[in-house]
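Chemist: Before anything else, here's the structure in question.
The values are calculated or read from the model by the stated rules, or taken from the named source; none is laboratory data. From a predicted model like this one, the values you see are computed outputs, not experimental measurements. In this analysis, Cβ positions are derived from the backbone assuming ideal geometry, glycine residues included, and neighbour counts consider all displayed protein chains. The accessibility values were calculated without ligands, DNA or RNA, using every heavy atom of the protein model including side chains. Shrake-Rupley method; radii C 1.70, N 1.55, O 1.52, S 1.80 Å.
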Amino acid sequence: MSKHILIVGGGYVGMYTAMGLRRLVRSGEVRVTVVDPKGYMTYQPFLAETVGGAVEPRHVVAPLGRVLKGVRVLTGHVTRVDHAARSAEFRPVQGPARTIAYDILVMAAGSVIRTLPIAGLAEHAVGFKTIGEAVHLRNHVLGQLAAAVSTDDEQVRRRALTFVVVGGGFSGVEALAEMQGLADEATRYHDGIEPADLSWTLVEATQRILPELHEDLGRWTVDALRGRGVDVRLGARLASAEGGVAVLSDGTALDAGTLVWAAGGRPNPLAAASGLPVDRLGRIQATEYLTVAGLEDAFAAGDGAAVPDLTRPGEFTGPNAQHAVRQAKLLARNLVAHVRGRRLKPYRHAYLGSVAGLGHHQGVAQVYRLRLTGFLGWLAHRAYHLAWVPTVNHKARVLADWALSMFFRRETVQLGAIEHADEEFRAAAELPRAA
């Protein structure tokens with residue numbers, strides 16, 4: 001009898017696991033359902049280049065229905081899992097909720113943005129985890145430049161030209177770097193604004209940035225950013241954002257027209273809410289075979305799972321795309337082995353290294369013991385991530401975007417109106433009618 005495999009989450013783990021199952025299973029052996037709130041997988045390392053305009057937004061997302069032919073893809077949220085009953089509560093984007101029965105569960109819900117109870121944060125900051133936030137930031141940065149050049153009020157101008165990013169990890173550093181590159185380019189088309197007029201601040205609570213890279217590369221990045229006029233504040237935290245004023249723990253107050261929160265993520269709370277075994281951080285307790293500890297017919301991998309790192313006893317694999325994709329490929333093979341009653345294989349993968357793009361044709365890269373900075377680091381960053389972009393179709397589109405950006409200046413059109421496309425129609429409908 002065909003087994004029904006329910007995959008909760010369509011990110012790296014969910015999509016690549018489903019792709020692997022399509023290739024490995026026999027006809028009629030299993031039925032696979034993937035549930036995801038968005039219906040597409042986002043290649044997150046290119047979110048920053050989406051902000052900068054080097055890559056088109058649609059080229060960094062893979063629609064699950066297109067990529068996973070033969071797999072049932074449902075768009076909506078799994079709100080609760082009852083594994084004892086082998087059922088999940090599903091709330092679609094439209095229509096009533098319903099229950100999905102399954103035989104085997106794969107938890108691949110990943111992580112959500114981690115926020116703190118900081119006054120004004122929710123009202124005045126924007127996150128940096130989704131394609132929507134990347135597009136919003138691009139429009140917002142360009143809109144702030146337009147606002148600055150259109151006002152005679154010096155306080156309004158100064159606020160519009162002040163940009164603060166909280167978080168010195170890959171997301172925060174790359175977001176700031178690409179935002180700065182976009183803004184510097186856009187000032188060419190605004191009389192009265194020069195790149196030196198813009199204020200950029202990176203806030204990091206620890207004493208170093210890019211912690212997954214060697215300390216020397218982190219220090220090089222700090223020097224490179226400071227050389228471009230970025231105020232890098234190490235050992236500082238955001239204490240308040242009330243009124244849009246970013247108050248730091250060292251007493252500095254920045255009236256910021258742009259405040260980006262990129263201070264990391266936390267495991268999706270679905271697992272804990274469903275009674276699955278989790279650790280103190282909320283990660284699903286997994287084994288080296290990518291099974292959920294203590295449960296039958298349950299698997300987990302990726303950001304939301306605490307997978308033992310067999311290359312570093314006592315530690316867990318990091319929450320990054322490299323581990324997620326490799327875990328997914330093994331997970332697909334282990335699922336097939338589980339269905340056929342065969343032995344599972346443990347996950348063992350030594351971390352290859354990391355790369356980061358810093359805009360302005362600069363980057364840093366660490367692959368094993370090799371460390372690259374500047375232009376070579378930037379090339380390594382692009383080559384590394386291009387290799388991981390899913391599907392040949394998306395690789396070609398990203399390459400085409402990069403090729404065009406070599407010969408033409410980036411587009412600096414602000415399309416913020418698309419975020420509220422119905423406002424003009426509603427305003428027109430409320431106008432008094434002619435007699």
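Chemist: Can you name the condition, by its number, that V336 falls short on among (1) of a type in the set (A, V, I, L, M, F, W, C); (2) closer than 30 Å to G65 by Cβ; (3) without any contact (Cβ under 8 Å) to a residue 24 or more places away in the chain?
Modeler: Answer for V336: the failing condition is (3).
Chemist: Would you mind finding the one in V106, V166, V156, V112 that is without any contact (Cβ under 8 Å) to a residue 12 or more places away in the chain and of a type in the set (V, I, T)? Step through it out loud before you land on a result.
Modeler: Working: V106 fails: without any contact (Cβ under 8 Å) to a residue 12 or more places away in the chain; V166 fails: without any contact (Cβ under 8 Å) to a residue 12 or more places away in the chain; V112 fails: without any contact (Cβ under 8 Å) to a residue 12 or more places away in the chain.
Matching residue, one of V106, V166, V156, V112: V156.
Chemist: What are the pairs, 6+ residues apart or on separate chains, where a residue within the stretch 212-233 that is within 14 Å of A177 (Cα to Cα) and without any contact (Cβ under 8 Å) to a residue 24 or more places away in the chain has its Cβ under 8 Å from a residue that is open to solvent by 70 Å² or more (accessible area, probe 1.4 Å) and aliphatic (A, V, I, L, M)?
Modeler: Pairs that qualify, where the first residue is within 14 Å of A177 (Cα to Cα) and without any contact (Cβ under 8 Å) to a residue 24 or more places away in the chain and the partner is open to solvent by 70 Å² or more (accessible area, probe 1.4 Å) and aliphatic (A, V, I, L, M): there are none.
Chemist: Take the stretch 64-93 and flag every residue that is open to solvent by 50 Å² or more (accessible area, probe 1.4 Å), in contact (Cβ under 8 Å) with a residue 40 or more places away in the chain and not β-branched (V, I, T).
Modeler: Answer for the stretch 64-93, where residues must be open to solvent by 50 Å² or more (accessible area, probe 1.4 Å), in contact (Cβ under 8 Å) with a residue 40 or more places away in the chain and not β-branched (V, I, T): K69, G70, R72, H77, R80, D82, R86.
Chemist: Another one. Could we say that T187 is modelled with pLDDT of 95 or more, over 22 Å from D36 (Cβ atoms) and surrounded by fewer than 23 Cβ atoms within 10 Å (Cβ to Cβ) here?
Modeler: No, not satisfied.
Chemist: Which is free of Cβ contacts under 8 Å to residues at least 12 places away in the same chain, open to solvent by 10 Å² or more (accessible area, probe 1.4 Å), in a loop (DSSP other than H, G, I, E, B) and under 30 Å from V81 (Cβ atoms), of E296, E288?
Modeler: E296
Chemist: Does A400 count as touching a strand residue (DSSP E or B) at 6+ places or on another chain (Cβ under 8 Å), under 28 Å from D184 (Cβ atoms), surrounded by 10 or more Cβ atoms within 10 Å (Cβ to Cβ) and among the hydrophobic types (A, V, I, L, M, F, W, C)?
Modeler: Judged against the criteria, A400 is not a match.
Chemist: Now, a different point. Applying the selection to the stretch 136-150, what residues are out of contact with any strand residue (DSSP E or B) (no Cβ under 7 Å at 6 or more places or on another chain), open to solvent by less than 40 Å² (accessible area, probe 1.4 Å) and either under 18 Å from E49 (Cβ atoms) or not in a helix (DSSP H, G or I) (or both)?
Modeler: Once the filter is applied, which keeps residues that are out of contact with any strand residue (DSSP E or B) (no Cβ under 7 Å at 6 or more places or on another chain), open to solvent by less than 40 Å² (accessible area, probe 1.4 Å) and either under 18 Å from E49 (Cβ atoms) or not in a helix (DSSP H, G or I) (or both), the stretch 136-150 yields R138, N139, L142.
Chemist: Let me ask you something else. When you scan the stretch 33-53, do you find a residue that is in a loop (DSSP other than H, G, I, E, B) and open to solvent by less than 20 Å² (accessible area, probe 1.4 Å), even just one? Quick ask: steps written out before the conclusion?
Modeler: To start, the set of residues in the stretch 33-53 that are in a loop (DSSP other than H, G, I, E, B) comprises 37-39, 43, 53.
Add one more test, that the residue is open to solvent by less than 20 Å² (accessible area, probe 1.4 Å), and what stays is 39, 43.
Checked against the condition, which is being in a loop (DSSP other than H, G, I, E, B) and open to solvent by less than 20 Å² (accessible area, probe 1.4 Å), the stretch 33-53 yields at least one hit.
Chemist: Could you list, in sequence order, all residues of the stretch 342-365 that are out of contact with any helix residue (DSSP H, G or I) (no Cβ under 7 Å at 6 or more places or on another chain) and either over 17 Å from Q322 (Cβ atoms) or open to solvent by less than 40 Å² (accessible area, probe 1.4 Å) (or both)?
Modeler: R342, P346, G353, S354
Chemist: Also: If you go through the stretch 163-170 one residue at a time, do you hit one that is surrounded by fewer than 21 Cβ atoms within 10 Å (Cβ to Cβ), in contact with a strand residue (DSSP E or B) (Cβ under 9 Å, 6 or more places away or on another chain) and either β-branched (V, I, T) or within 22 Å of G229 (Cβ to Cβ) (or both)?
Modeler: yes
Chemist: Looking only at the stretch 102-125, how many residues end up being farther than 14 Å from L238 by Cα and open to solvent by less than 40 Å² (accessible area, probe 1.4 Å)?
Modeler: 9
Chemist: Sticking with this one: From the list A273, A253, A262, A241, pick out the single residue that is under 26 Å from A183 (Cβ atoms) and open to solvent by 50 Å² or more (accessible area, probe 1.4 Å).
Modeler: On the way: A273 fails: under 26 Å from A183 (Cβ atoms); A262 fails: open to solvent by 50 Å² or more (accessible area, probe 1.4 Å); A241 fails: open to solvent by 50 Å² or more (accessible area, probe 1.4 Å).
Checking each option against the conditions leaves just A253.
Chemist: Just a yes or no: is a residue in the stretch 204-213 open to solvent by 60 Å² or more (accessible area, probe 1.4 Å), touching a strand residue (DSSP E or B) at 6+ places or on another chain (Cβ under 9 Å) and not in a loop (DSSP other than H, G, I, E, B)?
Modeler: no
Chemist: Tell me, which residue of the stretch 54-63 that is out of contact with any Ser or Thr (no Cβ under 8 Å at 6 or more places or on another chain) and not β-branched (V, I, T) is most open to solvent (accessible area, probe 1.4 Å)?
Modeler: R58
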